[in-house]
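Have a look at the structure below, then the notes.
The values are calculated or read from the model by the stated rules, or taken from the named source; none is laboratory data. Because the structure is predicted, anything quoted here is derived from the model rather than measured. Cβ sites come from the backbone with ideal geometry, for glycine too, and all protein chains shown count toward neighbours.
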């Protein structure tokens, strides 16, 4: 004996048939969009209740012009940015938020001048919300306002989520000074990224308060650039006794270069990073760093973009001291 099959989920056509109206009328009555008589609306709502009808979240979103997906877009000079572990972590967090709303997630890389791409996103009816990482331009398409948030630098009138990188990097630089380091260099973030200014300013502030010169070389958040930066630091300032890197990836590149040169960490040069990625605790010596709750930041940005709020959410960063400093 076979078990009875579960009946199909009732659809809009079933509701219209039960209410004795057209499918278009049933759709307007359920969505609240478009003209429909009070009597027809009562019949449709009653029929939907009797049948246990629930509109599919994506179909409902499209009917209301709300879109079907959140776009997570990274403005970056590097073509390889979408391969960065930060992107994978942020995407997973945004997807978790999107899933609760029946939405999908799509990933985009925007060039530094991403105006055309932003106009395209603003005109796309399938886009429910946009989360922009690395965007520091005040001009956004008007059609995006109310459904956009940024990760990083603030844009007037737009929701923002970020980590307090100034506090994290400043605390690490202060720790290096407190433990006797006096010739401290910084591998900064890229100049085009406004959010890279906060940790730079924090480092400079610590150096000025201690009466020490600032030693700054450019970086781009990669291990490759970390190796090149370490080479430049030792060439320009051979007496350097500490290096602050604004990401763990950069710090690991610095560590590779120093090890190849026979420079002992931390005996000869202390080293700190930022992000507290899992590998930071696994290398030898274990990397001193500061926390960066990427998932919390990305989730907060996604929720703000969906809600239309223009709030700021800045998450704390605390030092994680290990063997390298």
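Summary of values
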quantity	calculated
Qualifying residue in the stretch 298-305 (condition: in a helix (DSSP H, G or I), surrounded by 17 or more Cβ atoms within 10 Å (Cβ to Cβ), under 28 Å from the mean Cα position of the chain (by Cα) and not assigned by TED's automatic domain parsing to the domain that holds residue 100)	no
Residue among 92, 73, 88 that is within 16 Å of the chain's Cα centre (by Cα), under 21 Å from residue 297 (Cβ atoms), surrounded by fewer than 14 Cβ atoms within 10 Å (Cβ to Cβ) and modelled with pLDDT of 90 or more	88
